[in-house]
């Protein structure tokens with residue numbers, strides 16, 4: 001069996017989980033307390049980060065970009081990186097947009113501050129960071145709205161890794177109840193479509209011990 | 001003709017330049033003053049960042065990861081992302097290592113502080129950041145030494161995008177004279193091999209107006 005070492009509310013781990021589910025590849029999950037810096041885990045990934053994927057034959061893969069490209073290569077259907085090289089570039093540009101820009105400007109400011117600091121006991125949330133995250137998210141939801149006003153999915157006609165990366169981040173922010181969906185109808189319509197996919201079910205079933213999500217988190221009519 | 005919008009001493013632009021040169025694809029370069037946030041440039045890349053590649057037919061590509069994967073797809077030879085999916089995952093893990101970890105821990109602390117702040121007039125270099133960068137680089141040079149002690153190139157038997165990403169970052173740090181090569185023989189031997197490749201020549205010929213590199217920068221026997 002394939003094993004994914006992960007953390008709850010890591011958008012990078014969620015991205016891999018959704019990709020595996022879209023490809024109908026079975027896997028089991030193991031929560032990795034990365035802050036403990038276990039020797040056995042560092043031997044698998046010297047970066048000390050999740051996600052790490054261990055294949056049935058024991059092969060070890062680290063970093064969400066590397067893992068997603070690998071899965072796309074070993075299981076090309078359904079394709080998640082565009083029908084041709086140019087479409088692939090648009091998919092990967094948007095994946096980087098969400099994994100870098102959205103992550104720095106929103107996810108880190110809201111999810112890391114509110115949840116990870118609490119879980120890890122690394123201090124009080126920084127109210128300036130939270131304020132910045134709550135302000136920045138509008139720009140990103142507007143950008144999603146702009147894209148789906150012109151395209152069926154974020155990167156074009158096909159559902160792709162771009163939608164998965166964006167939804168992985170947004171689902172984490174949604175878990176802390178900080179996505180102002182009501183002010184962004186187009187982004188909300190797009191997220192409702194992602195949310196209703198079977199590959200997203202396990203994400204919506206996530207519940208941290210002692211920190212359950214708000215009701216709307218898993219609601220398909222949010 | 002293909003046009004690459006770039007900035008001097010951007011490791012991400014250098015990565016794309018080396019990849020294009022390895023593939024023997026001709027291109028011209030245009031320096032993009034990203035800090036001016038030109039409307040015409042933002043229309044090409046709403047992230048406002050270099051590199052941006054404009055293809056001969058006018059197609060526009062942004063973000064170094066997207067561009068490098070695109071080039072690999074349209075010009076597969078010589079292959080730079082591994083002979084099989086697992087080798088590709090190791091290449092991409094290491095690319096991410098240098099583009100994320102090395103970039104945060106070293107490049108930003110040394111190159112951005114010393115050069116970009118001066119070029120952009122955005123303030124004095126932060127001596128704490130520089131101290132951190134000078135400390136952190138040893139760990140990364142040790143890691144390179146560890147890898148090439150076991151492999152011909154960073155990701156395995158073949159020269160790959162992992163070597164290119166690592167050398168792109170190190171060449172920027174080398175431009176400011178901050179790589180302690182003499183204390184890292186194995187990393188130095190590896191870098192000498194990269195430096196001697198024809199694809200690296202243009203990188204070694206770079207010279208910022210008013211800020212020339214130290215003599216060893218372009219020296220193959222450094």
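Brief remarks on what is shown
- Sorted from shortest to longest, the distances between the residue A:123 label points of this copy and the other copies are 1.7 nm, with each point 7 Å from Cα along the line through the beta carbon.
- Kirkwood Rh and Cα Rg combined as Rg/Rh, chain A: 0.95
- Eigen-decomposition of the gyration tensor built on the alpha-carbon atoms of the range A:1-108 gives equivalent ellipsoid semi-axes of 23, 18, 11 angstrom, largest listed first.
- For residues of A:57-67, the mean tally of beta carbons on other chains within 10 Å: 5
- Percent of C-alpha pairs per 10 Å bin in the range A:107-222, short distances first: 13, 44, 34, 9, 1.
- Position residue B:182: other-copy label points at 6.7 nm, ordered by increasing distance, label point 7 Å along Cα→C-beta.
- Amide N proximity, the range A:143-162 versus residue A:84 label position 7 Å along Cα-to-Cβ, cut-off under 13 Å: none
- Copy-to-copy label separations for residue B:83, where each label sits 7 Å from Cα toward Cβ, in nm and ascending: 3.4
- Approximating the spin labels as points 7 Å out from Cα along Cα→Cβ, the residue A:127-to-residue A:35 distance works out to 2.3 nm.
- GNM result for chain B, Cα springs below 10 Å: residue of B:109, B:128, B:136 fluctuating most strongly: B:128
- When chain B is treated as a GNM with alpha-carbon contacts under 10 Å, the residue of B:81, B:152, B:107 showing the greatest mean-square fluctuation is B:152.
- Build a GNM of chain B with springs between Cα atoms under 10 Å apart, and of B:94, B:42, B:141 the one that fluctuates most is B:42.
- Two-site label geometry, residue B:47 and residue A:28: point separation in nm, points 7 Å out along Cα→Cβ: 3.7
- Mean residue ellipticity at 222 nm, helices only, chain A: -13500 deg cm²/dmol; runs of at least 4 DSSP H residues each add -39,500 (n - 2.57), and the sum is divided by the number of residues.
- Average Cα contact separation per residue, chain B, under 8 Å, 6 or more apart, as relative contact order %: 22
- Eigen-decomposition of the gyration tensor built on the alpha-carbon atoms of the range A:74-115 gives equivalent ellipsoid semi-axes of 29, 13, 5 angstrom, largest listed first.
- Rounded Å value of the spacing that divides the Cα centres of the range B:101-158 and the range A:73-101: 28
- Packing-based exposure ordering (other Cβ within 10 Å, fewest first) of B:207, A:160: B:207, A:160
- Counting beta carbons within 10 Å around each of A:65, B:112, B:3 and listing the fewest first gives the order B:3, B:112, A:65.
We did not get these values from a lab; they are worked out from the coordinates using the rules stated. Note that this is a predicted model, so its numbers are computed, not measured. As a convention, Cβ positions derive from the backbone with ideal geometry for all residues, glycine included, and neighbour counts pool all protein chains shown.
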